[in-house]
Each structure stands twice: as C-alpha cells, then as structure tokens.
C-alpha cells in the first residue's frame, strides 16, 4: 500500500529529478547514480514521510543532500562565498542598456542560456533551476535547500544577477568577434 | 516609490512573491512607466528562455526502465484476506513490543548511524573539509552551509584540540560534524537543530555503541552528540564545554 503510494508520488517526478541531478552533477552517469540513490533513500525513508506535506520538496531535498555528500558535491560546496548572502548592497541592478536580454532575442538564446547556466556556481544554478524550471515558490525552495526564506531571496537575486552578467559577457564577446571579422 | 525601488522588487513581482498590496502597486507602476515595463518584459523573456534551456536533460530509456523496475519491485503483493489472522496477531505483538522498545530502537538506530559516520570520517583521507584548530576559522566556514549557527568552546588549556569540521546529514537533516582530538583519540561532535532532528534523536543518547562511548547534551535549541573511543567521563567533560558555550 505504502510502496504503491510512493510509486504514484515519485515516478511522475522522475524526468524532472533526473534533469535537476544532471545540472548539479554535469555528468550523465553521475546523474543516474544520484537519482538511483535518491529513490532508494526516499523509499527507505518513506515510512517517515508525513502524508499531506510537500513530497516534491522532500524528494528534491534528498537528491540535493545526496549530491552535496558526493565527491562532485563536496568539490562544488566550498565555492559558496562566506557572508555574501545578506550583502544587499551587491544586489543593486547593474546598468542595463543594452540588456543582454534584448541582445539575446537576436541570438541563439537557448544555447547561450544553457552555457551560462552551466557556468554558474552550483548553489546559484540549483536555486535558479528550482525557481524557473521547477516553478517552486520561495517557501518550497527554502524547504528543499534547508535555508531561511530571506536566504532564498538573496541567493536567487544573486543567481539571476550572475546569469545576466555571464550573458552580458557572452554577448559582448560575440559582438567583439563580429566587429573584428567585419574589419 | 521611485523606479529604482520598483526595479529592486521586480523579480519578487514576477515571482508573485510580493504582498497583494505591493503587487497591485507594482502593477500600476509598470502600466505607466515604460522603462520599468521594458525591463520587466526583458526579464520575463529571459525567464522563459531559462525555463526552456533548463529542461536540457532527459533520462535514457534504459535508465527509466531500470528505475521503474526497482520502484515497482519494492511493492510487495499483499492479500489481506489470506493474512488477516496472522496480521492481527503480529500487530498486537508489535504494538506491545513497540510500547517498550520504540524509544530504545529509535535511539539505537540514531547512535548506530552516528557511530558509522564517525568511523567513516576517521577512515577518510580527508576527514574534515575545514582544517583548523582555530574556532574563529571553523565557525564562519559553516555559514551558508547549514541552516543554523553554533558556538565552539574555547579549548585552550584543556586536553582537547579542535581538528576541524564538515557538513553532515542524519535522516536527511543537515548538521555540523566537528572533530576534536585528545591524546591519540579523535572525537566526533555532531550538532543538529532540536526542532528538525527532534524526531530522529532521542532526548538522551549517553551510553555505548559497540566499542564507542556516546554522550549527548542540549543547549540553545541544539542537540550535541559526541562519539569517540575514550572514557565516558572524558566525553562528558567535552560535552559540558559545548553545552556551556551554547547556553543562551
């Protein structure tokens, strides 16, 4: 009875969990290991899961914790800067003309964004994917990554700013390249 | 409120995370301010692209089949009518035993897992991720890595030396794992929030697990569990230092 309920809850999230795992690990076989271990742990711990609470946040949290204790995760974790989360001054907007967003409209947007996402620090990438791709609320993200709501807000703002900055650099690099070809 | 203030809230607005009153006010501003509306539109475009680009990876058909088999294989066929009498008897037995042994089992399980973590850490070539005997270096390292903070005791003049720390998890609950040394023995200090780890950890875990001594204490809303192969008095002495450092 319980296993059937687990299957009903967990299998519809399989594609999304795999996608998230691949973005975290940046490697297909490691992503498969992560998902497999996540499902095994979730199945074992399912007896302790309280029906009616957020299953999606729960299983994403298991996946994320599994990643953080993996070899790749431990390597990625020290890249989290200390005392940066509450530094609101750094969250002010950068001058915005021409915006990378508008430049990107003329370019191969998706490929550029994928490349930019891959360049983000892992804690920025994960929070951005949870918000934009998984469409999680701030509250749900806070539950998933086990941080306070305020940290979700500041981390998400930083992640978006970092993404825009990478895209801006990409767009600038392409413009410079085109100019040198035209000369 | 000027454009700069609205732009600072633009992402919250697009995420639908502003209060209803602010949502309406921001909405009204975007209707009259072309610059802010253009910025909002550009960010919306980027979000759409991120949403599409973020769905980049698909599991292989073979991996999907393997996982489906595993999850389905975990289901046990169950015929209630065949097993009802045996089940009723078993339930009675389990309930009776559970009354007596429930807490003990939960405690044993948690102690076993922590003892495993202690052994695995000692066996690791890099047992700690922040290597320092300076508590003012080790404490800030945990900022942003775990959802709470704690104080480290001043061990100067004591037989104990701080070796460093790492992030750990127990039952999917994040915590801190510190390592101290006394003579040639190393002691693990596990720290979890009481409000999140309360269901996993029993109130008192003091005792022994296999050849390890275990001591536990609480202070400042935190559980401290110490595991090591030293005399329990020594472990208690170190536990007292952690408790005193975190008293509110």
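Values quoted throughout were computed directly from the atomic coordinates according to the rules given, and no laboratory measurement underlies them. As the structure is a computational prediction, the values presented were derived from the model and not from experiment. A quick note on method: Cβ atoms are made from the backbone with ideal geometry, for glycine too, and the neighbour counts reach across all protein chains shown.
Numbers below:
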item	result
Highest to lowest packing among A:123-133, A:146-156, scored as the average C-beta count within 10 Å	A:123-133, A:146-156
Highest to lowest packing among B:239-247, B:15-23, scored as the average C-beta count within 10 Å	B:239-247, B:15-23
Fewest-first ranking of B:57, A:138, using other Cβ atoms within 10 Å as the exposure measure	B:57, A:138
Within 10 Å of each Cβ in A:130-139, the average number of Cβ atoms from other chains	4
